[in-house]
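Engineer: Mind looking over this structure? Questions follow.
What follows is calculated from the coordinates using simple rules that are stated; it is not laboratory data. What you see is a predicted model; the values in this text were computed from it and never measured. Here the Cβ positions follow ideal geometry from the backbone for every residue, glycine too, while neighbour counts run over all protein chains shown.
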Amino acid sequence: MKSSYLGRIAPTPTGHLHLGHVATFWTAFRRSREAGGRVILRMEDLDARRCRAEFVQAAVEDLRWLGIEWEGEPVFQSARRDVYLAAWRRLRDGGWIYPCKRSRRDVAASTTAPHEEEPLFPPEWRPGPESGRTAESPEGTNWRFRVPDGRRIRFHDGNLGAIERIALRDFGDFVIWNRDNVPAYELAVVVDDAQITEVVRGADLLTSTARQILLHEALGQNVPQWFHCPLICDADGRRLAKRTAGLGLRELRARGCQPGDLLKELASLTGGRDGGGACRGLRARLPA
Ligand code: GLU
């Protein structure tokens, strides 16, 4: 009998995959296999200006090359707008969210305090509790989730252990629907993770996890288990992003790296054996 484990691999098709994606997606696949469960492939393609069909194709092809297998056809967030809209209605009816004309730039300008991630939305800018209750559509403005003041959100991470974030200290009211009328990342992911039993992703999303736990609760969903993978950096200690410093998967393939050697080389970064062949000695490292 198959286990009830259901994971997901969730690339954003705005570019080609790099070694950081490989590490995370391989871990997600491996954990689903170890649990005797399944994993789905979900394309996080809500940003129509930046996502491209060619990157979807390339991701599918690269993941197959690595030997990652998923259940069924890929799921596209861009095709699920109605589901996100239904969640927006539930949050509106429950009084969890409010319309907000302030832009991210306004929020950034409101504080001089250095903050690791996003600057905190000043709670004094919140409207009254009834704001937005009668709105028929989210169109025309940002919508924010009202975080419970001072709430400690604690969770167990399968990789990192006990994690804690505090609402209004580590993060403030966050956008769940963008004013260009597109659901925000936090909402879409939580809606899509409703059936997922374990979320495996990069450690850059730990604070997002705290936000997402609040959203899962507000929507009355089961909260999944969490497993955050270490981020891979280039030789200078910078996180891999668009400039992948030779650590893009397409570049590595062109150099002759084979999937098995690449995965061994990745394991060597986290203390395993050295990789082999053309993959040996990648100029990658873990954050200091
Ligand atoms: N789509 C996101 C990324 O490519 C991952 C988000 C998530 O796993 O929740 O970084």
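Engineer: Report the per residue volume, in Å³, of the convex hull enclosing the C-alpha atoms of the chain. Don't jump to the answer; show the numbers that get you there.
Structural biologist: Details: hull volume 41.5 nm³, N = 288.
Cα convex hull per residue, to the nearest whole number: 144 Å³.
Engineer: Given 4 °C and 1.567 mPa s, how large is the Stokes-Einstein diffusion coefficient of region 1-109 in µm²/s, with Rh as the Kirkwood radius over Cα pairs?
Structural biologist: D, rounded to a whole number, is 80 µm²/s.
Engineer: How high is the FRET efficiency from Leu286 to Glu136, r the C-beta distance, R0 35 Å, rounded to 0.05?
Structural biologist: My answer for the efficiency is 0.10.
Engineer: For region 215-262, which trypsin sites (Lys or Arg not before Pro) pass both filters: DSSP loop (anything but H, G, I, E, B) and at most 16 other C-beta atoms within 10 Å?
Structural biologist: Within region 215-262, the qualifying trypsin sites (Lys or Arg not before Pro) (loop, at most 16 other Cβ atoms within 10 Å) are Arg238, Lys242, Arg243, Arg255.
Engineer: Expressed in nm to one decimal, what extension gain is obtained for the pair Asp204 and Leu168 from 0.36 nm per residue of sequence separation less their Cα-Cα distance?
Structural biologist: Result for the pair: 11.1 nm of gain on full extension.
Engineer: Do you know the relative contact order of the chain, to the nearest whole percent, from alpha carbon pairs under 8 angstrom that are 6+ apart?
Structural biologist: This gives 19 percent for the chain.
Engineer: Roughly what angle does helix 259-269 make with the longest principal axis of the chain, taking Cα atoms, 0 to 90 degrees, to the nearest 10?
Structural biologist: The helix 259-269 is inclined about 70 degrees to the chain.
Engineer: Of all DSSP beta bridges in the chain, what percent run antiparallel (nearest 5)?
Structural biologist: Values: 18 of 31 bridges.
Of all bridge pairs located within the chain, approximately 60 percent are antiparallel.
Engineer: Between Trp125 and Glu61, 0.36 nm times their residue separation minus their Cα-Cα distance comes to what?
Structural biologist: 18.4 nm
Engineer: What per residue convex hull volume, in Å³, do the alpha-carbon atoms of region 84-161 yield? Intermediate values should be presented prior to the final figure.
Structural biologist: Details: hull volume 11.5 nm³, N = 78.
Considering the Cα atoms of region 84-161, their hull volume per residue is 147 Å³.
Engineer: Cα axis of helix 81-93 to longest principal axis of the chain: angle in degrees, 0 to 90, nearest 10?
Structural biologist: Between helix and principal axis, roughly 40 degrees.
Engineer: What distance in nm separates the two pseudo spin-label positions at Ala235 and Arg255, each 7 Å out from Cα along the beta-carbon direction?
Structural biologist: With each label point 7 Å from Cα toward Cβ, the separation is 0.9 nm.
Engineer: Filter the GluC sites (Glu not before Pro) in region 79-180 down to the DSSP loop ones having no more than 13 other Cβ atoms within 10 Å, then list what survives.
Structural biologist: Within region 79-180, the qualifying GluC sites (Glu not before Pro) (loop, at most 13 other Cβ atoms within 10 Å) are Glu116, Glu117, Glu130, Glu136, Glu139.
Engineer: Computed FRET efficiency, Cβ-Cβ of Arg151 and Arg179, R0 30 Å: what is it to the nearest 0.05?
Structural biologist: Using R0 = 30 Å, I get an efficiency of 0.65.
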